[in-house]
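K.L.:
Structure incoming, see below.
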Amino acid sequence: MSGKMPQLDILILSNGPGELATWVKPVVSQLRQRYPDPETVRISVVLSPCPNAGGREAAVARSYPEVNRVQGADRFFPFLLWGRTADQWDWCDRGVVVFLGGDQIYPVIIAKRLGYASVVYAEWEARWQSLIDAFGVMQPQVIAQVKPAQRHKFTVVGDLMADVQGGDPQGQATLAAQLGLGPEEDLIGLLPGSKAGKLRAGVPFMTAIADQIKAQRPQAKFVLPVAPALSLQQLAAYGDRNTNPVVEIFDGPALQLIEPADPTQLPYLQTAQGSQILLWQPFPAYEMLTLCRLCITTVGANTAE
């Protein structure tokens, strides 16, 4: 950015990998479409600690081109308690704090300190109703639980994870070519999640399922959308019996990570029985998922996706 001072600050509070992937990304995309000039409207992301974090959340947030600046979770509490960011950020006179993950008390405290309006995305429950300026909720049932005096603050905005547009036929044909998907092949998506607990069970379980399906349906092809906060090496490690005891419980297959030298070819996991599981890294993966005949998934953001 140049030395020009923005006219409005939008501060997004978030925490975990799922929230960044399925809430923050679509919101900042829409915000930047509405306010295309980053020198007029500045978008900042501040992360709070999350038990499911993998350590790459700040890097993921910085990868979103719509975002101007990011502060990691390790510096959150000095900001919450005293208003100090690690890089001594300045703030506009006008702004709004948008809550997209964490504890709903955080926007109350931070918006009051900055003198900004506060907006909370409430998926299932809206707290601190008298102290928050506006709520966007997933469904009308949330509003039904609200005191009548506060209901004017609420708007149904839908499910940020699931309300996405499908792909166009030409785009799908391009993706099918990238996947090497033939007309007689059935694409099956494996979605083990992004959190360590789910990956520990999900990777051996789903790769074992892939081997079983492949034995009965040779025309099956498998693809695994890799969470943006996860490296290919980290993903493959969840299939290692020496480091992941759950592999033995599910009788998960030994996995080998293959990264072809040809950049046009996708990396993949190969099981000991020879099944190949393509690793899809572009994010979000909604377009690719529309090609799947079946998806095997876990409870959480993956289910909605």
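Just so you know, all these numbers are worked out from the coordinates, no wet-lab data involved. The structure presented is a predicted model; accordingly, all values stated were derived computationally and were not measured. Neighbour counts are summed over all protein chains in view; Cβ atoms, including those assigned to glycine, are modelled from backbone coordinates with ideal geometry.
K.L.:
In a Gaussian network model over the chain where Cα atoms closer than 10 Å are linked, find which of 173, 254, 73 has the largest mean-square fluctuation.
P.N.:
Among 173, 254, 73, the largest GNM mean-square fluctuation belongs to 173.
K.L.:
Whole Å is fine, so just give me how far the alpha carbon centre of the stretch 77-140 lies from that of the stretch 242-305.
P.N.:
Distance between centres, Cα-based: 36 Å.
K.L.:
Tell me, Kirkwood radius of the stretch 167-305 from alpha-carbon pair distances, in Å? Don't skip to the answer; put the middle values down first.
P.N.:
Numbers: mean 1/r = 0.0661 Å⁻¹.
Hydrodynamic radius (Kirkwood, Cα pairs) of the stretch 167-305 is 15.1 Å.
K.L.:
At q = 0.13, 0.14, 0.17, 0.22 Å⁻¹, what base-10 log of I(q)/I(0) does the Debye formula yield for the stretch 1-80 when every alpha carbon is treated as an equal point scatterer in vacuo?
P.N.:
Log-scaled intensity ratios, in q order: -0.38, -0.44, -0.64, -0.99.
K.L.:
Please give the helix 196-216 orientation as an angle from the longest Cα principal axis of the chain, in degrees from 0 to 90, rounded to the nearest 10.
P.N.:
Helix 196-216 and the main axis of the chain meet at about 30 degrees.
K.L.:
Pop the C-beta distance of residue 8 and residue 105 into the FRET formula with R0 = 25 Å and round what comes out to the nearest 0.05.
P.N.:
The calculated FRET efficiency here is 0.55.
K.L.:
Report, to the nearest 10°, how far helix 25-34 tilts away from the longest principal axis of the Cα atoms in the chain, using its own Cα long axis and a range of 0 to 90°.
P.N.:
Here the helix axis deviates by roughly 50 degrees.
K.L.:
Next up: Can you give the direction-averaged projected area of the convex hull of the alpha-carbon atoms in the stretch 62-118, in nm²? Walk me through the numbers on the way to the answer.
P.N.:
On the way: hull surface 16.9 nm².
With every direction weighted equally, the projected area is 4.2 nm².
K.L.:
For the chain, take the longest principal axis of its alpha carbons; what is the angle in degrees between that and the long axis of helix 169-179, to the nearest 10 within 0 to 90?
P.N.:
60 degrees
K.L.:
Could you work out how much longer the chain between residue 262 and residue 87 gets when fully extended? Use 0.36 nm per residue separation minus the Cα distance between them, nm to one decimal. All intermediate terms of the calculation are to be shown ahead of the outcome.
P.N.:
Details: separation 175, 0.36 × 175 = 63.00 nm, distance 4.02 nm.
Taking 0.36 nm per residue and subtracting the Cα distance, the gain is 59.0 nm.
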